[in-house]
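Working notes, beginning with the structure itself.
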Amino acid sequence: MAMLDWQNHGWQNRVRERLESCGLPPAIHEEVVSELADHLEETYDDARSAGRTEAAAVELALQEVTDWRVLAANIRRARSQEDPMNTRTKSLWLPAMVNLLGAMGLP
């Protein structure tokens, strides 16, 4: 059964299973699953193109993430650092820029 999953590029299910208990916020969970699955599939495809067996290619791809909890924690930390800047940009810089450009356009 596992071999069939690999052959059908079941990377999203594999990533989703591993991240389920890692506490990623629901708002970003599927985005992270999709991006990681794409990365693992690329690693797998590259390994197969280089002549590795299917089992070796799967093993290589899965070795890309050594600790799923650490990965999830790093993603949460990066997202929390990113969000305040986005909020600040939306609430302070963009309105200030609009006002500045509006003031410059007045005769």
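The values are calculated or read from the model by the stated rules, or taken from the named source; none is laboratory data. Quick caveat, the model's predicted, so the values are computed rather than measured. Don't worry about glycine lacking a Cβ; one is built from the backbone with ideal geometry, like all the others, and counts go over all protein chains shown.
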Sort through ARG18, ARG48, ARG14, ARG69 and tell me the only one that's surrounded by fewer than 16 Cβ atoms within 10 Å (Cβ to Cβ) and either at pLDDT 90 or above or more than 12 Å from the chain's Cα centre (by Cα) (or both). ARG69
Out of curiosity, is LEU24 at pLDDT 90 or above and surrounded by 11 or more Cβ atoms within 10 Å (Cβ to Cβ)? no
Scan the range 28-60 residue by residue and report those that are of a type in the set (Ser, Thr, Tyr) and more than 23 Å from ILE75 (Cβ to Cβ). SER49, THR53
